[in-house]
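Q: Here you go, one structure.
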Amino acid sequence: LERALGGTVLTETWLLAALWLGLALVATLLSIWLRVATALSEIVVGTVAQLIIGATLGTALLHTEDSWIKFLSGTGAIVLTFLAGAELDPVVFRTQWKEATLIGVVGFVAPFFGCTVVAYWVLHWDVRASWLAGVAMSTTSVAVVYAVMLEFGLNVTKYGKTILAACFINDLLTVLALGFIFSPFTWKTGAFFGGASTVFVALPFITPRFFKRYGGRPSELEAKFLLLVLFGLGGLATWSGSEAVLPAYLVGMVLAGTVGKDHALIRRLRTLTFGLLTPFYFIRAGSLVSLPALVAAPLGFVALLLGKMLSKCIGVYPATKVFRAPTQEAIYTTLLMSTGLTFGTISALFGLAHGVITRAQYSAVVAAVVASAVVPTLIANAFFLPRHLLKSSNESEPAASTASSGVAARRVS
Amino acid sequence: VIRNILVGYDASEAAARALAFAVGLARAFGSAVHVLAVVRPPKFSGMVETEAVIEQSRQHHHKVLRTVQSKYAHEPFKTHVHIAVGHPAETNRVLCRGSWNRSHRRGSSRAHAI
């Protein structure tokens, strides 16, 4: 097919881009029909497409290692991570930080060590691969937790706010672990730490003033400024041997109170991210999964998934009990915090790109990450939904109230 | 006497019939009509996707409810529109109960949901 396409490099590039966007479109349609996350659908489409295209037209047709595909893919991960960090609610975080930090730390530590042990002792992976598995499985899905909290009105309760803030802490620790565990720790690490810290302190002061003075024009100065910061810090991070999503998440968090509240800007960045960048990221992540390797050795996938769910139970459940959460509520919280998708995929891809894990190990980790995005939520909602919370939260605060404008909307936290 | 009528509305054919029924009752009793649309968060969403879906749904419902409100603007009864995020059945129940609690405190009859 490649020979038939022939022609100039540019022609080949446009046709290849069309192929990737075609796959992205198929994935989006599937996510609409099956009501699953677009990211999840893109990973699966990438895996299946690579298998089918590889078997029929040649394994290299998707050109996953082309520099421009890697660039779009990497930018997708960086901007998505930035947007995720910007969703943090600083006010809620400040009021619930003690409980959130305890649950968030335990939610990270338990699966991190639990899955590292599983990978090392049960799957007999080497030390670095085992650490990588621990990092990838330590994450939690803020999106899934947030959606469930919203659906049942728990986001307005103290309990819901604590859990949401804990998810941010959990993911922050995952990103920090990914950024530093595999870092060589040289003077470059110090330079990255110093440079990034300076930027994190300066950004909340500089950014709103800069945007107020020059922003709000068709030239999209805000997007250019943010991309400059993200690329600059990403470059500094990778130069020091760390990972570019680490500063991106932190930039999002420090700008959550300012840029994060600019809904129009966030909406424009989301269009760029979901419309162009993340399809390349998730399809590429999926295309690197080897289904034959997964089928040949399913133990890795199953062991990591069970390892994550069990270790989250061992860690998060007692932590919720410290705050005297009733049993059903505690189990529900634990299961919700066992979910995870994006940071797990990012960690796995980092490991594969840096030679920490093999293709077969990568496949097992990504499959476990994908399953962890669905299985715990299904179990939690089917058996452990704490209905007494619905009653108490809703009675104390009606779900909707009439606003002076005539349209009432319960603002999400 | 029916003071408040709550109608769950999602722009479907069934919802339109419920709204028409509520309007009929409101004309007869002089009740206020509360039209409620509920944005349901996606169950299996990805990072950043949840907020995007909710925001888009809000905009959609806002447009739909504005049409409803302008349609009944010249009626003698009052039409209030509401958008909430959550589980549709739970939100309807809770809003109705909230309305009942307020009415009960004033010593009047309870709100009715359709």
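Q: So which trypsin sites (Lys or Arg not before Pro) in the range A:287-327 are both in a DSSP loop and have at most 10 other Cβ atoms within 10 Å of their Cβ?
A: A:ARG324
Q: Using Cβ contacts closer than 10 Å as the measure, can you line up A:SER242, A:SER31, B:SER57 from fewest to most? Present the calculation step by step, with values, prior to reporting the outcome.
A: Numbers: A:SER242 27, A:SER31 23, B:SER57 18.
Neighbour counts put them in this order, fewest first: B:SER57, A:SER31, A:SER242.
Q: Find, among the GluC sites (Glu not before Pro) in the range A:26-134, those assigned to loop by DSSP (not H, G, I, E, B) with at most 15 other beta-carbon atoms within 10 angstrom.
A: Answer in residue order: A:GLU65.
Q: How high is the relative contact order of the range A:1-156, in percent, with contacts defined as C-alpha pairs under 8 Å that are six or more residues apart?
A: Here the relative contact order equals 11 percent.
Q: If you don't mind, another one. Using only Cα atoms, locate the centre of the range A:128-184 and the centre of the range B:39-63, then give the distance between them in Å, rounded to an integer.
A: If we compute the Cα centre of each part, the gap is 21 Å.
Q: What shape does chain A have by the C-alpha gyration tensor, where a ≥ b ≥ c are the square roots of the eigenvalues, rounded means a/c under 1.5, and otherwise prolate means a/b greater than b/c and oblate the rest?
A: Numbers: a/c = 1.44, a/b = 1.18, b/c = 1.22.
Note, shape of chain A comes out rounded.
Q: Sequence gap at least 6, Cα distance under 8 Å: using those rules, report the relative contact order of the range A:118-174 to the nearest whole percent.
A: About 34 percent, as a whole number.
Q: Nearest 500 deg cm²/dmol is fine: what mean residue ellipticity at 222 nm does chain A get from its DSSP H runs of n ≥ 4 alone, each adding -39,500 (n - 2.57), divided by its residue count? List each step's numbers first, then the result.
A: Working: 21 runs with 304 residues, N = 413.
Result for chain A, helices only: -24000 deg cm²/dmol.
Q: Further, regarding this structure: Once amide H atoms are built 1.01 Å from N in the peptide plane, which residues 5 or more positions from B:HIS34, or in another chain, come under 5 Å H to H?
A: B:ILE5, B:LEU6, B:VAL7, B:HIS80
Q: Further, regarding this structure: Using the Cα centre as the reference, give the magnitude of the dipole from point charges on the C-beta atoms of the range A:194-268 (Lys, Arg: +1; Asp, Glu: -1; all else neutral), rounded to the nearest 20 debye.
A: Dipole size: approximately 360 debye.
Q: Only Cα pairs under 8 Å and at least 6 apart count here; give the relative contact order of the range B:1-65 as a rounded whole percent.
A: Relative contact order for the range B:1-65 comes out at 34 percent.
Q: Residue by residue, what Karplus-based ³J(HN,Hα) values in Hz, rounded to whole numbers, does the range A:276-281 have, using 6.51, -1.76 and 1.60 with θ = phi - 60° and x for Gly and Pro?
A: Taking θ as phi minus 60°, the curve returns 10, 7, 5, x, 5, 5 Hz for the range A:276-281.
Q: A follow-up question, please. Please report the net charge: other residues with Cβ closer than 14 Å to the Cβ of A:PRO218, K and R +1, D and E -1.
A: Neighbourhood net charge equals +1.
Q: Here's something else I'd like to know. Mind checking which aspartates and glutamates have their C-alpha under 19 Å from B:LYS71, skipping anything on the same chain fewer than 8 residues away?
A: Here the aspartates and glutamates satisfying the reach criterion relative to B:LYS71 are B:ASP10, B:GLU13.
Q: Something else now. Taking amide hydrogens as modeled 1.01 Å from N in the peptide plane, which residues meet the under 5 Å criterion relative to B:VAL39, leaving out close sequence neighbours?
A: Answer set, sorted by chain and number: B:ALA84, B:VAL85, B:GLY86.
Q: As a footprinting exposure proxy, order A:TYR317, A:TYR146 by other Cβ within 10 Å, with the fewest listed first.
A: A:TYR317, A:TYR146
Q: From the phi of every residue in the range B:28-41, what ³J(HN,Hα) in whole Hz does the Karplus formula 6.51 cos²θ - 1.76 cosθ + 1.60 yield, where θ is phi - 60° and glycine or proline is x?
A: Couplings: 6, 9, x, 7, 8, 9, 10, 9, 10, 10, 10, 8, 9, x Hz.
Q: Sequence neighbours fewer than 8 away in the same chain don't count; with that in mind, list the lysines whose C-alpha is under 25 Å from A:LYS161.
A: A:LYS98, A:LYS261, A:LYS308, A:LYS312, A:LYS321, A:LYS391, B:LYS43
Q: Mind listing which GluC sites (Glu not before Pro) in the range A:217-296 are in a DSSP loop and have 10 or fewer other Cβ atoms within 10 Å?
A: Listed in order of number, the matching sites amount to none.
Every number in this text was worked out from the coordinates using simple rules, so none of it is lab data. It should be emphasised that the depicted structure is a prediction, and the values quoted were computed from it without experimental measurement. With ideal geometry, Cβ positions are generated from the backbone for all residues, glycine too; neighbour counts draw on all protein chains shown.
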